Amino acid sequence: MRPTSLLLAATLLLAARLTLRMTACQPSPAEQREADARARLAGRRATDYALENIREEERAYIARELHDDLGQLLATLRVDMSLLLQQPAANPAMRELMTGMDERLLSAITSLRRIASNLRPRALDEGGLYFALQSLRHDFEQRHGIACKLEARECELVLNDRTSTAIYRIVQESLTNIARHADASHVRIALRRACGMLHVTIDDDGRGIAQSDMEKPASFGLLGMRERVWAIRGDIAITGSPRGTRIAIHLPLPE
Ligand SMILES: Nc1ncnc2c1ncn2[C@@H]1O[C@H](COP(=O)(O)OP(=O)(O)O)[C@@H](O)[C@H]1O
Ligand SMILES: [Mg+2]
């Protein structure tokens, strides 16, 4: 073979191989659609993650302002009021008015504490997630008379603030839903750490959530739960049967 023919044959072979490789790397339209959908989902989850962070920071800020500013002001007013009540009253009508004002001040302080604690549960800052969940469980039992068990080990629940807040909010929403919709008599909240993951389950023995309940257009509670879990890169399954409802969450934990 002449050298020019050899060169031509080699070039043709190379071109054929390149074309073959390019065709092999080229995704099919279906693969491309799937890759686009995956990229869109990853983008949405990253936005959820960032937005949730901003929301929690804002909530914590407003809760602190309410507590430290307005809360202090109301507490001082109440001290002044008790000093006034210790003075000999000018007339009984005046004393009655002041007693009424004192009661309203007390209920304003109580509402303010409740609102601030819904915005940012102080228990999370004071004692961590285990302590905060214990106080949720206790309040739930007291308020609704439904038995509620928490199965968890305190040492396994030392987590970063973002994860702790998300879990606290999810359990809070689940308990609210159980009280409002489930007609249950027992609840079990279990948290377990294994192989770099945190497994959370919330079970009740009520009427059981139906598929149609999960598709209600104005049901923002379940939607919020899902978004919180996705925002910390976990997954969530909500299932119902005539024996009750189960919410199962699996979260990867940073090392
Ligand atoms: N534990 C539960 N047991 C039975 N039904 C439930 C439970 N949790 C939620 N549901 C149903 O799912 C629906 C959606 O819940 P959610 O998104 O929190 O919205 P909301 O509580 O505002 O109705 C509820 O309206 C209810 O019908
Ligand atoms: Mg709800």
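The values are calculated or read from the model by the stated rules, or taken from the named source; none is laboratory data. What you are looking at is a predicted structure, and each value in this text was computed from that prediction instead of being measured. Using ideal geometry, Cβ is built from the backbone for each residue, glycine included, and neighbour counts are taken over all protein chains shown.
Couple of notes before you dig in:
- Residue selected from region 202-233 under the condition without any contact (Cβ under 8 Å) to a residue 24 or more places away in the chain and small (G, A, S), by the criterion farthest from R162 (Cα to Cα): S212
- Filtered residue count, region 219-255, keeping only those that are crowded, with 17+ Cβ neighbours inside 10 Å, over 19 Å from R45 (Cα atoms) and among the basic types (K, R): 1
- Just one of the listed residues (I167, I202) is closer than 20 Å to I232 by Cα, among the β-branched types (V, I, T) and within 16 Å of ligand 1 (Cβ to nearest atom), namely I202.
- Scanning region 22-42 for residues that are more than 39 Å from the chain's Cα centre (by Cα) and modelled with pLDDT of 55 or more gives C25, Q26.
- In the set (1) among the basic types (K, R); (2) within 16 Å of ligand 2 (Cβ to nearest atom); (3) within 25 Å of N160 (Cβ to Cβ), R193 fails one condition alone, (2).
- Among the criteria (1) at pLDDT 90 or above; (2) surrounded by 15 or more Cβ atoms within 10 Å (Cβ to Cβ), the one T110 does not fulfil is (2).
- For V200, the conditions (1) within 16 Å of ligand 2 (Cβ to nearest atom); (2) at pLDDT 90 or above all hold with the exception of (1).
- Residue match in region 187-199 (condition: free of Cβ contacts under 8 Å to residues at least 12 places away in the same chain and small (G, A, S)): yes
- In region 205-243, the residues that are over 30 Å from V158 (Cβ atoms) and either near ligand 1 (Cβ under 8 Å from one of its atoms) or not assigned by TED's automatic domain parsing to the domain that holds E151 (or both): G206, R207, G208, I209, A210, D213, M214, K216, A218, S219, F220, G240
Here is a yes/no grid of residues against (1) modelled with pLDDT under 90; (2) among the small types (G, A, S):
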{"site": "R44", "(1), (2)": "yes, no"}
{"site": "E52", "(1), (2)": "yes, no"}
{"site": "Y61", "(1), (2)": "yes, no"}
{"site": "A90", "(1), (2)": "yes, yes"}
{"site": "A93", "(1), (2)": "yes, yes"}
{"site": "D102", "(1), (2)": "no, no"}
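- A search for C-beta distances below 7 Å between a residue of region 156-167 that is in the same structural domain as G224 (by TED's automatic domain parsing) and over 17 Å from A190 (Cβ atoms) and any residue that is modelled with pLDDT under 95 and of a type in the set (D, E), counting only pairs 6+ apart in sequence or on different chains, returns T165/E56.
- Helices (runs of 4 or more DSSP H) wholly inside region 141-234 that include at least 2 residues being within 24 Å of E126 (Cβ to Cβ): 161-177
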